[in-house]
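What follows is a structure written as structure tokens; I'll ask about it next.
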Amino acid sequence: MAINCAILGMWDYRAILVILAGTMIHSGCDILNDIFDFEIDKICKPNGAIASGQMSMKKAWIYMALLFFAALLLSLKLSFILFLCLLAGIIIGGIMYSHPMFRFKDIPGIAMLDMAVCFALESIGLWSVYSPLSPDSLMVAAYVFVLIFSLTFMKDFKDVAGDINSLPLKIGIRRAAIVCSLLVVLPLIPLLYAATKYHYLFLAALIYVVLIAGCIQMLLDDPVAKGNKLKDRMIMALTMPNFMVLLVKMLSIF
């Protein structure tokens, strides 16, 4: 989603490297989360590599460290700001999110703020690879922040059976579904504002509306029973509008 920062016609090898570095950071944070969630994942994700015993704890730590090291080294070659953003992502989105000392993931609202900050930082880092930071870069970061914060609450419904702290467990499934249905509208505010300047963003807004309409339908129906499907639709809402904008900009170049 942070790829929107580079839609000014500068699609080259650097974008591929940034995506690769970002993927490695997210993968490493996922591994760290799985390490600390070993007992919970026995219930929620029994087929996971660590929970099922397919990967030992020692190998998981080594693999995670290699991913982080490679991503940071790669980012340092591209932009020092990107390096700092990804390093902050490891601290905020990896250690503070999952480590028992902080365990932000167990605090509804704080967990989503944590993730939103990480993705917003990633968008700023990507922008810095191509040009100096500007008001437009901050606008993109604000959109990414609101998008992640508003949508990621929906992922809690599929893990209700194994979670110990989540929005559905705190306020009830029905109330949580209503809150999520209201939150998903928030990203339209920065998106439509940006569309007044960049008109092609109206296409992204239209795609987003179609996707969140499906999310709201599942939320108001049975979000727990449809938890996995709801998460898949959430991911589509997070990514498809942004990749569509990227495709439009790439086609306009040729």
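Can you list the lysines whose alpha carbon sits under 24 Å from that of LYS170, skipping same-chain ones fewer than 8 residues off?
LYS42, LYS45, LYS105, LYS155, LYS158, LYS226, LYS229, LYS231
Carbon and sulfur together cover what percent of the accessible area of the stretch 130-246 at a 1.4 Å probe radius? Could the numbers behind the result be given before it?
Details: 3910 of 5600 Å².
It is 70 percent, rounded to a whole number.
Keeping all protein chains in the complex and leaving out DNA, RNA and ligands, what accessible area do you get for HIS199 with a 1.4 Å probe, in Å² to the nearest 10?
120
Largest first, what is the accessible-area ranking of GLU39, GLU122 with a 1.4 Å probe? Let's see the in-between values first.
Details: GLU39 115, GLU122 40 Å².
Result of the area sort, largest leading: GLU39, GLU122.
Right, next: Can you run phi through the Karplus equation (6.51, -1.76, 1.60; θ = phi - 60°) for the stretch 174-185 and list ³J(HN,Hα) in whole Hz, with x for Gly and Pro?
5, 5, 4, 5, 5, 4, 5, 5, 7, 5, 5, 7
Show LEU201, LEU182 ordered by accessible area, largest first, where the area counts protein heavy atoms only and the probe is 1.4 Å. Mind showing how you got there, number by number?
Details: LEU201 20, LEU182 120 Å².
The most accessible residue leads, giving LEU182, LEU201.
Checking the a/c ratio against 1.5 first, then a/b against b/c, what shape does the Cα gyration tensor give for the chain? Please list the in-between numbers first.
Values: a/c = 1.98, a/b = 1.14, b/c = 1.74.
Oblate, because a/c is 1.5 or more while a/b does not exceed b/c.
Taking only protein heavy atoms into account and a 1.4 Å probe, give the accessible area per residue of the chain in Å².
On the way: 12480 Å² over 254 residues.
Counting only protein heavy atoms, the per-residue value for the chain is 49 Å².
Moving to a separate point now. Net charge near GLY93, counting Lys/Arg +1 and Asp/Glu -1 over other residues with Cβ under 12 Å of its Cβ? Write out the running numbers ahead of the final one.
Working: positive: LYS105; negative: ASP30, ASP114, GLU122.
Overall, the nearby charge balance is -2.
Hey, what did the chain get for relative contact order, percent, Cα under 8 Å, at least 6 apart? It would help to have the intermediate numbers written out before the result.
On the way: 339 pairs, mean separation 55.2, N = 254.
Once divided by the residue count of the chain, the mean separation gives 22 percent.
Taking Cα pairs under 8 Å and at least six residues apart, what relative contact order does the stretch 174-239 come out at, in percent? Provide the component values of the computation, followed by the final result.
Values: 36 pairs, mean separation 23.0, N = 66.
Here the relative contact order equals 35 percent.
Taking 7 Å along the Cα-to-C-beta vector as the label spot, tell me the ASP222-HIS99 distance in nanometres, rounded to one decimal.
4.2
The values are calculated or read from the model by the stated rules, or taken from the named source; none is laboratory data. Just so it is clear, the model here is predicted, and its values are computed rather than measured. So basically every Cβ, Gly included, is an ideal-geometry build from the backbone, and we count neighbours across all protein chains shown. Ligands, DNA and RNA are excluded from the accessible area calculation, which covers all protein heavy atoms including side chains. Shrake-Rupley method; radii C 1.70, N 1.55, O 1.52, S 1.80 Å.
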